[in-house]
1. Just in segment 63-136: which GluC sites (Glu not before Pro) are loop by DSSP and have at most 12 other Cβ atoms within 10 Å?
2. If ligands, DNA and RNA are left out, what is the accessible area of LEU95 with a 1.4 Å probe, given in Å² to the nearest 10?
3. What value, in deg cm²/dmol to 500, does the helix sum -39500 (n - 2.57) over DSSP H runs of n ≥ 4 give at 222 nm once divided by the residues of the chain?
4. Extending each Cα 7 Å along its Cβ direction at ILE83 and ASP12, get the distance between those two points in nm, one decimal.
5. Taking DSSP loops as anything outside H, G, I, E and B, show the longest stretch in the chain free of trypsin sites (Lys or Arg not before Pro) there with at most 10 other beta carbons within 10 Å.
6. Amide H neighbours of ARG44 under 5 Å, counting only residues 5+ apart in sequence or on other chains, H built in-plane at 1.01 Å?
7. What does a probe at ARG38 reach in segment 1-16, counting residues whose amide N is under 12 Å from the point 7 Å along Cα→Cβ?
8. Run down the aspartates and glutamates and flag those whose C-alpha is under 18 Å from the C-alpha of LYS143, throwing out any fewer than 8 positions away in its chain.
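The values are calculated or read from the model by the stated rules, or taken from the named source; none is laboratory data. Owing to the predicted nature of the structure, the values given are computational and were not obtained by experimental measurement. Neighbour counts run over all protein chains shown; Cβ positions are idealised from the backbone, glycine included. Just the protein is used for accessible areas: all its heavy atoms, side chains included, with ligands, DNA and RNA removed. Shrake-Rupley method; radii C 1.70, N 1.55, O 1.52, S 1.80 Å.
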Amino acid sequence: EGRVGLSSIAPDGSMYLSYIGGRGFWLGLATFLKRPRRFMAESRSHCALLFLSASRIKEICADKPLYWKHFFILTNHNLEVAIDVLDVFRHEAALGRVAAVLHMLAVHDPSEQGIQATQADIAEIARVSLRTVAAALADLEDKGIIRRQYRRMEILDMAALRKLAAA
């Protein structure tokens, strides 16, 4: 349970929120790399984290080699999230950026409670102002694509959201 924010480190050293993950989110890709991390994880709500060192992962997989497949799947998910994070920034229009963020969060962290993110979270991920996010969310709600609730959003029309995110 809980939410973990993943912040990226820009080349100038500044940090920015780039993704919010829920149950089962895997942050272990850097375990296998021999260079400094380019991100930081931070709990956004009460949550439990499991730490496995690279040597422990190797021990687990030596005992059960099929588990490498599962680590690959988790790592591949990280790659898909990274590609979607980059895709957010190809949108010049705020509505496209906000739609891309909502789509990314809905696809990679599906939840019965909807997208569990605040407007401030979405603004930080999309790198737009809070006022811009509020206007974009109002537009999406008027179009019947989302329903806003306290600290979360319900996707009512995933196909329409996907179309806006892909435009």
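1. Working: sites: GLU80, GLU92, GLU112, GLU124; in loops: GLU92, GLU112.
Passing both the DSSP loop test and the Cβ count: GLU92, GLU112.
2. Its accessible surface works out to 40 Å², give or take rounding.
3. Details: 6 runs with 77 residues, N = 167.
Taking each H run of at least 4 residues, the total per residue is -14500 deg cm²/dmol.
4. The two pseudo-label positions are separated by 3.0 nm.
5. Details: sites that count: LYS34, ARG90.
The longest such stretch corresponds to 91-167.
6. ARG3, VAL4, GLY5
7. Once the point is set 7 Å along Cα→Cβ of ARG38, 8-12 turn out to lie under 12 Å by backbone N, inside segment 1-16.
8. GLU154, ASP157
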